[in-house]
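Enquirer: Got a structure for you, written out below as C-alpha cells; questions coming shortly.
Each value in this text was obtained by applying a stated rule to the coordinates, not by laboratory testing. Remember, it's a predicted structure, so these values are computed and weren't measured experimentally. With ideal geometry, Cβ positions are generated from the backbone for all residues, glycine too; neighbour counts draw on all protein chains shown.
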C-alpha cells in the first residue's frame, strides 16, 4: 500500500480544493519527478482530474481510500442468510467483499441484494457512488442464484482490479 500512486491519492484526499504539483510534492513526500510521472496514469484511470496546472481527486479517487484500506470491525459488512442468521463472514474492504461473495451461500447474496444492503454499504462505508449504482441496477433486474453471484463478482471484481492499479 505504499506505492507512489497511492501516496499521491492519499495526499490529494487531504485537500478540499485543487492543488498544484508543488503542494502534492510537499504533502506526499515524493520527488517532483515521481509526482509528475504518476499523475498522467492517475488521470487516465479516472482517480485524478487536471484543470490547468491544478489537480484534484475525482469522486472515484475519493472512494479509493475507503476501498483499499480495511474499515473498522463495526463498519464491516456482515453477511446473513436471513434476519438474525449470521453466516460468520464479514468483509472489511472491497477485496474482502469480493472474496466473500465468491464463496458465501447464494441465499445470503439474495437476502442482501433484495434489501439494498450491498449498495448501501458500498455507498455509505466505502463511499463509492459509482459501484453502489451498479449494484442497485443489479437489484432492479431481480436476478438470483449463480447469475446474481456472477454479476456481483463481475462488478466488484472489475472495480477492485482497477483499484489495484494504484498499488501495482
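Enquirer: Got a sec? How would 90, 141 order by Cβ neighbour count within 10 Å, fewest to most?
Expert: 141, 90
Enquirer: Give the Rg (one decimal place) followed by the Dmax (whole number) of region 4-57, computed from C-alpha coordinates and expressed in Å.
Expert: Here Rg and the maximum Cα pair distance are 9.4, 24 Å.
Enquirer: Taking Cα centroids, how far is region 135-168 from region 1-74 in Å?
Expert: Region 135-168 and region 1-74 have Cα centres separated by 25 Å.
Enquirer: Starting from the Cα of residue 34, step 7 Å along the direction of its Cβ; do the same at residue 86; then give the gap between the two resulting points in nm.
Expert: 4.1 nm
Enquirer: For helix 129-141, what angle does its Cα long axis make with the longest principal axis of the chain, in degrees from 0 to 90 and rounded to 10?
Expert: Taking Cα atoms only, the helix is inclined about 20 degrees.
Enquirer: Can you run the Rg to Rh ratio on region 104-168? Use alpha carbon positions and the Kirkwood inverse-distance Rh. List each step's numbers first, then the result.
Expert: On the way: Rg = 11.9 Å, Rh = 12.1 Å.
Result: Rg/Rh = 0.98.
Enquirer: How high is the relative contact order of the chain? Use alpha-carbon pairs under 8 Å, at least six apart in sequence, and give a whole percent.
Expert: On the way: 213 pairs, mean separation 34.0, N = 168.
Normalised by residue count, the contact order of the chain is 20 percent.
Enquirer: Does anything in region 126-152 have its amide N under 13 Å from the 7 Å Cα→Cβ label point of residue 75, and if so which residues?
Expert: Of the residues in region 126-152, 126-128 have backbone N under 13 Å from the label point off residue 75.
Enquirer: May I pose another question? When the C-alpha atoms of the chain are aligned to their principal axes, what extent does each axis show, in angstrom, from largest down?
Expert: Principal-axis extents of the Cα atoms in the chain, largest first: 52, 30, 26 Å.
Enquirer: In Å and from the alpha-carbon atoms only, list the Rg and Dmax of region 58-123.
Expert: Looking at region 58-123, its Cα Rg and Dmax stand at 12.1, 38 Å.
Enquirer: Subtracting the Cα-Cα distance from 0.36 nm times the residue separation, let me have the gained length for residue 50 to residue 21 in nm, one decimal.
Expert: Details: separation 29, 0.36 × 29 = 10.44 nm, distance 1.07 nm.
Between residue 50 and residue 21, full extension yields 9.4 nm more.
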